[in-house]
1. Return one whole number: the accessible area per residue of segment 91-155 in Å², for a 1.4 Å probe.
2. Using modelled amide H (1.01 Å from N, peptide plane; none on Pro or chain starts), what sits under 5 Å from the amide H of Gly82, excluding residues fewer than 5 places away?
3. Report relative contact order for segment 91-155 in percent, whole number only (criteria: Cα-Cα under 8 Å, sequence separation at least 6).
4. Quick one: work out the % antiparallel among DSSP beta bridges in the chain, nearest 5.
5. Hand me the GluC sites (Glu not before Pro) from segment 181-228 located in a DSSP loop with no more than 11 other Cβ atoms within 10 Å, in residue order please.
6. Using the Karplus curve 6.51 cos²θ - 1.76 cosθ + 1.60 with θ = phi - 60°, what ³J(HN,Hα) values do you get for each residue of segment 177-184, in whole Hz, with x for Gly and Pro?
7. Measure off 7 Å from each Cα along the Cα-to-Cβ vector at Asn204 and Ile216, then give the distance between these two points in nanometres to one decimal.
8. Between helix 140-152 and the chain, what is the angle of the helix's C-alpha long axis to the longest principal axis, kept within 0 to 90° and rounded to the nearest 10?
Amino acid sequence: MIELKNVSKTYDNGSVALDRVSLHIGKGEFVFVVGASGAGKSTLIKLLSHEEVPTDGSVLVNGIEVNSLPKSKVPYLRRKMGIVFQDFRLLPNKTAEENVAFAMEVIGASRRVIKERVRTVLDLVGLLGKADMLPKKLSGGEQQRVAIARAIVNRPLLLIADEPTGNLDPETSKGIMDTFKKINHTGTTVLMVTHDKQMVDWMNKRVIEIVDGAIIRDELRGGYSNED
Ligand code: ADP
Ligand code: ADP
């Protein structure tokens, strides 16, 4: 699903974000990426979506070499992934249902398919009852559920989450994690960047730790840190 071979990324200003990183993530895995601020986690995500290109090495997503992808093919790559952010990034003037539907409208899905699929994913994240509400009427946890529904509505192979529980309390975060688990069980690969020690320890999934642009730990069933 994801393969990095000796990937390095040095930004124009000389800062080295990733230094000869190699890693393999198989289809259907659930993987946490942890590490201090500035370790290179966001850069890793940006290389997968072709927002940044590596200085060296190769990045493969679903067997496709991302770096050598012509610009015209980048949208197709991005359709294979759904991304969820810490700050939800919902459209404020659209309801929950409309926010999710919009992701399908932009790829030209038919109205009938949109209607059916949007209801399916809202049900999956437990928000069918609040489909007609605007984001500002929803709690933080509920807004994140809308964002998750939007990220999966086009059936991506890979769901990327960047600090998805960063703005949520522990109880709400647990519910969000359960939702990610449920999506993972449908076969979707989940890659989550997080500082949420409690959630990583609770989930007991694969953990990749990055320090100064290098992987220093990769455990099949790990915790947030090695110390405890
Ligand atoms: P993390 O997501 O783990 O906080 P980043 O990938 O954002 O780490 O950053 C890794 C390193 O690359 C840091 O030293 C950061 O300052 C640097 N960096 C990130 N983005 C840029 C950029 N656009 N231009 C220059 N340096 C950057
Ligand atoms: P949580 O702590 O689980 O994130 P909240 O305590 O913020 O939830 O919200 C609880 C309930 O109140 C939610 O079902 C949400 O829809 C509703 N709610 C939250 N904020 C507002 C608001 N500004 N207007 C109307 N309903 C709201």
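The values are calculated or read from the model by the stated rules, or taken from the named source; none is laboratory data. Quick caveat: nothing in here was measured; it's all calculated off a predicted structure. Cβ atoms come from the backbone with ideal geometry, glycine included; neighbour counts cover every protein chain shown. With ligands, DNA and RNA removed, areas are computed over all heavy atoms of the protein, side chains included. Shrake-Rupley method; radii C 1.70, N 1.55, O 1.52, S 1.80 Å.
1. So segment 91-155 comes to 53 Å² accessible per residue, rounded to a whole number.
2. Leu158, Leu159, Ile160
3. 49 percent
4. That works out to approximately 50 percent antiparallel.
5. Passing both the DSSP loop test and the Cβ count: Glu227.
6. Ordered by residue, 3J(HN,Hα) equals 4, 4, 5, 4, 4, 4, 5, 4 Hz.
7. So the label points at Asn204 and Ile216 sit 2.6 nm apart.
8. 80 degrees
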